[in-house]
Structures are given as C-alpha cells and as structure tokens.
Amino acid sequence: QVQLVESGGGLVQPGGSLRLSCAASGSIFSIYAMGWYRQAPGKQRELVADISTRGITNYADSVKGRFTISRDNAKNTVYLEMNSLKPEDTALYYCKAILKHSELGADRPYWGQGTQVTVSS
C-alpha cells in the first residue's frame, strides 16, 4: 500500500506565492519520476511539472519561470514552489509518482488526493 499526501494549497492573491509538498509513504522500493498535475473545473488534467530521480525537470509553458519543482529523495517528497500566481493557476493540484514495490516489480503510477489552489483577490 502506497500513499501520496499533498499539502500546502490554499487561497492566495494574484502575484502571491505558495509551496506545495507531496510525501510518499508505504511499501516503496524505489521512486522514479515525480510530478505535479492540475485540473481546473471543466478542463482536463494537465501536467504542471515533473522531475526525474536525477533532478531533470520539465515544465508546462504556462508556468515556466514562475514555478520550480524539486525533490528530496531521502524523504520521498516532491515540492512545487509557485510564484507570481495568476487567477488562471486556480485548480486542484495532484501529485504523481512512478514507483516500484520491490526490486523485480513493475513500475506503477500513484496519485495523491489533490490540494486546492485558489488565486483570487
């Protein structure tokens, strides 16, 4: 059993900042890519940013220069630093991790429950 628990969401004014965290726990042998996705009402879930085990990052064009993803492999945790937030960043933010339960097991994706980010004055 694996759990991904997000935290750090909330209400912030335009131009403000938030830091999201996502900690993975449970039966984990190794974690590969970790990332953040978001889904706004009436829209499809989209990739915000992801990061490999070695720290190679990838960002959606809409957040480049404003958001920074990082991870602490010792803590099985991924972070998303969000600056210069805009109303269009409002969404439910989900954490995703690709991981294995055992050395010979297959990679599997796991998702968190989501944390709400609302950008409004």
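Tabulated values for the structure
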quantity	calculated
Local net charge near A23, Cβ-Cβ under 14 Å (Lys/Arg +1, Asp/Glu -1)	+2
Chain lengthening between I56 and K86 when straightened (0.36 nm per residue, less Cα-Cα)	8.2 nm
The chain: antiparallel DSSP beta bridges as a percent of all, rounded to 5	95
For segment 1-38 versus segment 66-104, the gap between their alpha-carbon centres in whole angstrom	5
Sites R45 and S120 - FRET efficiency at Förster radius 22 Å, r taken between beta-carbons, to 0.05	0.55
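No lab work stands behind these numbers, since they all come straight from the coordinates. Since the structure is predicted, the reported quantities are computational estimates derived from the model, not experimental observations. As a convention, Cβ positions derive from the backbone with ideal geometry for all residues, glycine included, and neighbour counts pool all protein chains shown.
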